[in-house]
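The values are calculated or read from the model by the stated rules, or taken from the named source; none is laboratory data. Please read all numbers here as calculations on a predicted model, not as lab measurements. Every residue, glycine among them, receives a Cβ derived from its backbone with ideal geometry; neighbour counts consider all protein chains shown. These area figures cover heavy atoms from the full protein model, side chains too; ligands, DNA and RNA do not enter into them. Shrake-Rupley method; radii C 1.70, N 1.55, O 1.52, S 1.80 Å.
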Amino acid sequence: MEIKKIFVAGAGLMGGGIAQVCAQAGYRVVMRDLMPEIVEKGIKNIKWSVTKLVEKGKVQGSVAEIMERIEPATDLSSASDADFVFEAIVEILEVKRELFEELDKICRPDVIFATNTSAIPITNIAEATRRASRFVGTHFFSPVPMMRILEIVKGLLTSDQTVKTAVEIGKSLGKETIVVNRDVAGFALNRINFPSTIEAIKLVEAGVVSVEDVDKGMRFGFGRPMGPFETADLAGLDVGFNAMSAVYKETQDEKFHPPMLLQRKVKIGHLGRKTGIGWYRYDEKGNKLGPA
Ligand SMILES: NC(=O)c1ccc[n+]([C@@H]2O[C@H](COP(=O)([O-])OP(=O)(O)OC[C@H]3O[C@@H](n4cnc5c(N)ncnc54)[C@H](O)[C@@H]3O)[C@@H](O)[C@H]2O)c1
């Protein structure tokens, strides 16, 4: 089946990013969220990002022609003629299951469903549908238009053909893909990365080193585009905390236990860029002001 039209559920940070890279790659996209104002905000963010990328010559085509490919939607029935589905809604199992149960009725049976969950087992979401063999994890990294990697995660019942199609789509979006063969919490890359982020937080907690110096060190010492605290502020401290907690819950391994300082910050709503304060403080335009 030729994939022409992609349905993206969620117009937030990740859904917007996924819709953007799909439109940039030439697909027609329907981006759906719960309320028109959320979808509009998502479209506005995409336009800002596409404009910057076109100006820098990093994306071919005009802003208008890319934006025209994205159709905003609040109605789920707009998924009825989609050829592929990406889901990037809130990280709550029951909410994701409910959405997929509905989409299962609306979409053609041959359509593949892909979830961008950070840490929920793919198998548990797929089970809400009658197409577990055509259900796969596609774990994009934030910011989606910038980060090249895409983890393709096999659920227990995901077929090899589904993985193959997901890899092909990932490549068509300009991503480098890796296949995660088992549906373990945290998949592969976060399983490797979390212990280092947790250690960084513990070192800050103990007064050994500052947030800024960790980020600087990881950028210049290890060639990362962003340090772990800058990355956490962008992704959302709550998103990181929930994902670490899920990995810890599944493995019971101390190295994944979210540190106290992170727990406290999430509790008081210091969630990063989206709340104006996380590990750093930001002004209304999102400019970094200094450490929190
Ligand atoms: N933030 C990250 O860095 C990151 C990285 C990888 C994966 N993820 C995962 O991606 C998913 C989305 O994360 P996000 O950071 O974009 O969150 P977000 O809060 O920015 O966006 C989620 C959006 O989903 C919408 N939504 C809720 N229920 C919905 C429904 N039933 N139908 C359609 N839309 C609905 C919300 O209104 C919101 O706009 C989560 O599963 C998250 O764990 C996030």
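General remarks:
- Test for residue 271: is it open to solvent by 20 Å² or more (accessible area, probe 1.4 Å), under 22 Å from the mean Cα position of the chain (by Cα) and within 12 Å of the ligand (Cβ to nearest atom): yes
- Tallying residues that are more than 12 Å from the ligand (Cβ to nearest atom) and modelled with pLDDT of 95 or more within region 81-123 yields 15.
- Test: residue in region 55-73 that is within 12 Å of the ligand (Cβ to nearest atom), more than 20 Å from the chain's Cα centre (by Cα) and part of a helix (DSSP H, G or I): no
- Within region 161-171, not a single residue is out of contact with any strand residue (DSSP E or B) (no Cβ under 9 Å at 6 or more places or on another chain) and either surrounded by 16 or more Cβ atoms within 10 Å (Cβ to Cβ) or assigned to a loop (DSSP other than H, G, I, E, B) (or both).
- Residue that is surrounded by the most Cβ atoms within 10 Å (Cβ to Cβ), among those in region 141-153 that are within 10 Å of the ligand (Cβ to nearest atom) and under 14 Å from residue 188 (Cβ atoms): 151
- Test result for residue 85, within 28 Å of residue 163 (Cβ to Cβ), open to solvent by 30 Å² or more (accessible area, probe 1.4 Å) and not in a helix (DSSP H, G or I): no
- Some residue of region 150-158 being in the same structural domain as residue 86 (by TED's automatic domain parsing), in contact with a strand residue (DSSP E or B) (Cβ under 6 Å, 6 or more places away or on another chain) and in contact (Cβ under 8 Å) with a residue 60 or more places away in the chain: no
- Of everything listed in (1) within 15 Å of the ligand (Cβ to nearest atom); (2) buried (at least 19 other Cβ atoms within 10 Å of the Cβ), the single unmet condition for residue 245 is (2).
- Pairs where the first residue, in region 65-83, is in contact (Cβ under 8 Å) with a residue 40 or more places away in the chain and the second is open to solvent by 60 Å² or more (accessible area, probe 1.4 Å) and part of a strand (DSSP E or B), C-beta under 7 Å, 6+ apart: 69/28
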